[in-house]
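A short worksheet on the structure shown next.
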Amino acid sequence: MSHLSTEHYAFIQAISAKRILSEQEAQDLLVQCFEIAEKPSLQVDLNEQISKMNSQLANLFFEVRRGTCENTGRKYVAFVNSKEDELSKICTNHSAQDLTYFRMILESIVLSDVGYLNSTDTLTLCSNVSDQKKITFSHGKQLLSGWVKERWLLEDKTNNSFQLGIRALIELGQYIQAGYSDHVANCAICRNLCIYGQRCGECNIKFHHHCLHHFISRTKTNGDVRCPNCKAELLSTS
């Protein structure tokens, strides 16, 4: 990493400790790192600096990766291990049983039509883990709470459900696309992986709810909005 500068080292050290930051937090951190390196600038380009860091981090199988929360549309930046087996990334402090439980949750969410799993079904899955020692409901609740806190899952209390959290989307997105290619789609607007979203009733292409909301706010001129693919009328459910 001989080509990384002082500000890059400082940024990598900070984000590797936190693992994930909002885009604004990452931008503010980068500015602070430039100030520490005595290179203050109000025009620090986050995208440009991430590209510079990733060109060197690739040799060490690390990456600063960006992603968007499907529930809120908020953008995040994460420090990830790009070589490590994808699903084992969550297993540092968990048993093989715990990992199996998470895999079952992830698969159920990915394969669902709505992109989420209701809370009762999510907890019930823990009893389906095949092993001599079953996961109790009490332990299942602890796991779910921890995964929400670590942002592997997102709990939506408005409809008592769990969705994939931003860390799962960023760190496991490639795993999901490779393992479930026949079941997942990219958002027709932002072109990124779309698990939690809405489909066009005519051509079946998929949109993130937040992408569709912004699309409608930009294009609604005569009282209706048309699908960018088939031109059928669209109604936002966000």
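Values as computed for the structure displayed
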{"quantity": "Condition met for R151 (open to solvent by 30 Å² or more (accessible area, probe 1.4 Å), in contact with a Lys or Arg (Cβ under 9 Å, 6 or more places away or on another chain), basic (K, R) and under 21 Å from T72 (Cα atoms))", "calculated": "yes"}
{"quantity": "Which listed residue, of S138, S112, is farther than 28 Å from H209 by Cβ and either surrounded by fewer than 21 Cβ atoms within 10 Å (Cβ to Cβ) or at pLDDT 95 or above (or both)", "calculated": "S138"}
{"quantity": "Filtered residues of region 26-54 (kept if more than 26 Å from the chain's Cα centre (by Cα) and either more than 13 Å from T6 (Cα to Cα) or outside any loop (DSSP other than H, G, I, E, B) (or both))", "calculated": "F34, E35, I36, S41, L42, Q43"}
{"quantity": "Residue check, S82 under 17 Å from the mean Cα position of the chain (by Cα), of a type in the set (S, T, Y), open to solvent by less than 70 Å² (accessible area, probe 1.4 Å) and at pLDDT below 95", "calculated": "yes"}
{"quantity": "Of all residues in region 1-60 being among the β-branched types (V, I, T) and open to solvent by less than 70 Å² (accessible area, probe 1.4 Å), the one that is modelled with the lowest pLDDT", "calculated": "V44"}
{"quantity": "Elements of type helices (runs of 4 or more DSSP H) contained in region 128-238, each with 3 or more residues being in contact (Cβ under 8 Å) with a residue 40 or more places away in the chain and under 23 Å from S112 (Cα atoms)", "calculated": "166-171, 173-179, 209-219"}
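The values are calculated or read from the model by the stated rules, or taken from the named source; none is laboratory data. Just so we're clear, the structure is a prediction, and the values are computed from it rather than from any experiment. FYI the Cβ positions are ideal-geometry reconstructions off the backbone, even for glycines, and counts take in every protein chain you see. Heavy atoms of the whole protein, side chains included, go into the accessibility calculation; ligands, DNA and RNA do not. Shrake-Rupley method; radii C 1.70, N 1.55, O 1.52, S 1.80 Å.
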